[in-house]
Amino acid sequence: MAITRRAFATTAAALTALLIAACGTTEDPAGAAAAPASSAPSGPVDLQDERGTVHLAAPARNVVSLEWGLTENLLALGVKPAGQADVKGYNLWDSTTPIDPKTPDVGRRGEPSLDAIVALDPDLVVTTTDLPETVIAQIAKKVPVIALRGSDGSDPIGYLRRTVTTLAEATGTEAQGAKLLAGFDAKVAAGKEALAKADRTGAPFVMTDGWVDSGTVSIRMYTPNSFFGAVDKELGLQNQWTTGGDKDYGLAQTDVEGLTRIKDAKTTFLYAANKSDGGDYTDSLKNNAVWKQLPFVQGQRVKRLPDGIWMFGGPASAAAYIDAVVAALSA
């Protein structure tokens, strides 16, 4: 079952009760992915993750990924994962950088299968610290593990760079990593130029997603400390929701009444509503009196972004997001 935005909001603490079990496997793990090109650097690698120093005898060739943002970065680096947590869900939520649907599935992101991971004989597992430390430690007894944060609310763009650099060092793809980061910088510059040409430099906006539960709409606000919010800041846009985000992902939660806090009448309401997550949550607001009176609704400045842009991704997601935001604000 694909993850929903509401399910993602579950705290890491709630996941500590989950156990690594073989039943998490959904595909036969026998067919490991091909290794990167033999021309990649060789020799020992020592690097730092969120748990300390990680030593690899050589750059990793056979990598299992337990988190979608890391998977996106690996694919962008030219590294085909040998195994992946929730392959089907990844391709639903991150279509900017699709993975081969035949990639062996090693269980859910919050509940990976140790047996399925070990059966692939990987030389590296990559995950985020959202996975409970007890689970990471179990995996690390069998396979070297790199554990990074999914994001860092104090510096999302800086952490994007660190993530790409760390994965590139671990896999011997430093040259491609440098290209990815240079491409990100170029994309930001191009986005700023496009907004300037459309006379939208500094445009006010909010970025959101949401879900409906028992008829009640919950809305997540992407503060400047979120990944998307940080990209918007790089573009010179003016986020109208600046408080309340968590320390890692910069996400705040509100409801339709809370949207009355947005005072700038020129604000554009950007939102994501993946079709695999119950469809367009704003459909449930069309007859809501508060919603109908909001300035961006009355001004027809409610803009849905394309599906498949992962809100916790890397340079590939950032590039797709920039294109989507520029198009929405320039229309």
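To the nearest 20 Debye, how big is the dipole of region 130-206 about its Cα centre, given +1 on the beta carbon of each Lys and Arg and -1 on that of each Asp and Glu?
Roughly 140 debye, rounded to the nearest 20.
Using unit Cβ charges (K, R positive; D, E negative) and no other charged atoms, how large, in debye to the nearest 20, is the dipole of region 113-257 about its Cα centre? Please report the intermediate quantities before stating the final value.
Working: 13 positive and 20 negative charges, 82 e Å.
It comes to approximately 400 debye.
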Enumerate the aspartates and glutamates that Lys266 could reach by cross-link, defined here as Cα to Cα under 18 Å, with residues fewer than 8 away along the same chain left out.
-> Asp199, Asp232
What shape does region 268-331 take by its C-alpha gyration tensor, where a ≥ b ≥ c are the square roots of the eigenvalues and a/c under 1.5 counts as rounded, a/b above b/c as prolate, and the rest as oblate?
-> oblate
Could you check which residue among Thr260, Thr173, Thr223 shows the biggest mean-square fluctuation in a GNM of the chain with a 10 Å Cα cutoff?
-> Thr260
Once you charge only the Cβ atoms, +1 for Lys and Arg and -1 for Asp and Glu, what is the size of the charge dipole of the chain about its Cα centre, to the nearest 20 debye?
-> 900 debye
With all distinct Cα pairs included, what does the Kirkwood hydrodynamic radius of region 93-243 come out to in Å, to one decimal, could you say?
-> 18.4 Å
Okay, which of region 255-270 sit inside 16 Å, backbone N to the point 7 Å along the Cα-Cβ direction of Lys292?
-> 257
Quick one: if the Förster radius is 51 Å, what FRET efficiency do Lys88 and Thr260 give, using the C-beta to C-beta distance and rounding to 0.05?
-> 0.85
Over all directions, what mean area does the Cα convex hull of region 160-214 project, stated in square nanometres?
-> 6.8 nm²
Relative contact order for the chain, counting Cα pairs under 8 Å that sit 6 or more residues apart, in percent = 19 percent
Projected area of region 187-330, taken from the Cα convex hull and averaged over every viewing direction, in nm²?
-> 8.0 nm²
Sorted by chain and then number, the residues having a modelled amide H within less than 5 Å of the amide H of Thr128, at least 5 places away or on another chain, are Leu148
Cut-off under 5 Å, modelled amide H: who pairs with Thr268 long-range | Phe205, Val206
Positive dipole terminus of the chain, leading residue within Val125, Val164, Val188 (C-beta point charges) = Val188
Cα-Cα pairs above 28 Å in the chain: how many percent?
-> 41 percent
In whole Å, largest first, the alpha carbons of region 42-133 cover along the principal axes 35, 28, 24
Looking at this model, which pairs from Lys102/Lys192; Lys233/Lys303; Lys192/Lys286; Lys141/Lys275; Lys247/Lys292; Lys80/Lys179 are more than 29 angstrom apart at the alpha-carbon?
-> Lys102/Lys192; Lys192/Lys286; Lys141/Lys275; Lys247/Lys292
Can you tell me the Rg and Dmax of region 191-254, counting just the alpha carbons, in angstroms?
-> 13.4, 44
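Estimate the FRET efficiency between His55 and Gln253 by the formula 1/(1 + (r/R0)^6), using the beta-carbon distance for r and 56 Å for R0, to the nearest 0.05.
The pair His55/Gln253 has a calculated efficiency of 0.90.
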Of every Cα-Cα pair in region 259-302, the percent that sits beyond 12 Å = 63 percent
If each of Ser214 and Glu174 carries a label point 7 Å out from its Cα toward its Cβ, how far apart are those two points in nm?
-> 5.5 nm
With a sphere of radius 12 Å drawn around the Cβ of Pro204, what net charge do the other residues whose Cβ falls strictly inside it have (Lys, Arg +1; Asp, Glu -1)?
-> +2
For region 207-331, whose charge dipole is built from +1 on Lys and Arg Cβ atoms and -1 on Asp and Glu Cβ atoms, the candidate among Ala265, Trp291, Ala230 with its Cα farthest towards the positive end is Ala265
Hits in region 143-183: amide N under 18 Å from the 7 Å Cα→Cβ extension of Asp115, namely 143
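Read the figures in this text as sums done on the coordinates, not as results from a lab. What you are looking at is a predicted structure, and each value in this text was computed from that prediction instead of being measured. FYI the Cβ positions are ideal-geometry reconstructions off the backbone, even for glycines, and counts take in every protein chain you see.
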